[in-house]
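What follows is calculated from the coordinates using simple rules that are stated; it is not laboratory data. This structure is a prediction, so every number in the text was calculated from the model and none was measured. When we count neighbours, we look across all protein chains shown, and the Cβ atoms used for this are built from the backbone with ideal geometry, even at glycine.
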Amino acid sequence: MLYFCINSLSIMTEATFEKHKRVIDEWFVNGFNRRKAYQSVYKCSDITADANFAKILGNTRLQAYKRQKEEESSAELKTSHERLLKELENWAYSDITETLLLSPEQIKELPIEFRRLITRYETTTRETDYGPETVTKLWFVSKEKAMEMIHKHTGFYEKDNNQKKTEVNIFEDIDLSQLNDEELKIFKKVLQRNSNKE
């Protein structure tokens, strides 16, 4: 089956659709790097990869595929918007003073919600006049990053981002078998005009 994308004036075959699905799959795997996802399937420049990935996300069939992947991931991880926001809230509003002067054993006894905030730790033992002393250094998740993630997730930046948009790509898939004779004639003319330009 062939699909006609109005804005790009191109035909998407089932093989192309499958390749585009591979791009979306790679995007999920690589941590949502659009450029690398596109370049893993198509060898091209960075600029071309960025532009073409945006076009892929504008395709309604691929949007549906992306939503399906998101739903599957969410179900697999047992995540929800509420659960994610609660975790980010824990990050953003945590009080690290609760960990001052704690031993490694006491740190292990902290509630799991608090222990998840620790990204790295280091223990050092040194001799003092009063005997050996163990010092534990802790590194925590970034509060700034947590707030940024909360804002992105709740659409806080959406209005600003929409104001900066200069181009909107809207793609509509059309099943060519559903076109009447007049529409097929117009379609052929458009394709001929397009091929003459190249």
Per-pair calculated FRET efficiency, R0 = 41 Å: LEU101 and SER80 via Cβ, rounded to 0.05: 0.65
Applied in sequence order to region 38-43, the curve 6.51 cos²θ - 1.76 cosθ + 1.60 (Karplus, θ = phi - 60°) yields integer Hz couplings, x standing for Gly and Pro, of 5, 6, 6, 9, 10, 7
Return the subset of LYS108/LYS137; LYS86/LYS152; LYS69/LYS143; LYS36/LYS69; LYS55/LYS185 for which the Cα-Cα distance in this structure is over 20 Å, preserving the input order. LYS69/LYS143; LYS55/LYS185
When a/c reaches 1.5 or more, the comparison of a/b and b/c decides; with that in mind, is region 79-147 rounded, prolate or oblate per its Cα gyration tensor? prolate
Can you sort ILE24, ILE186 from fewest to most other Cβ atoms within 10 Å of each residue's own Cβ? ILE186, ILE24
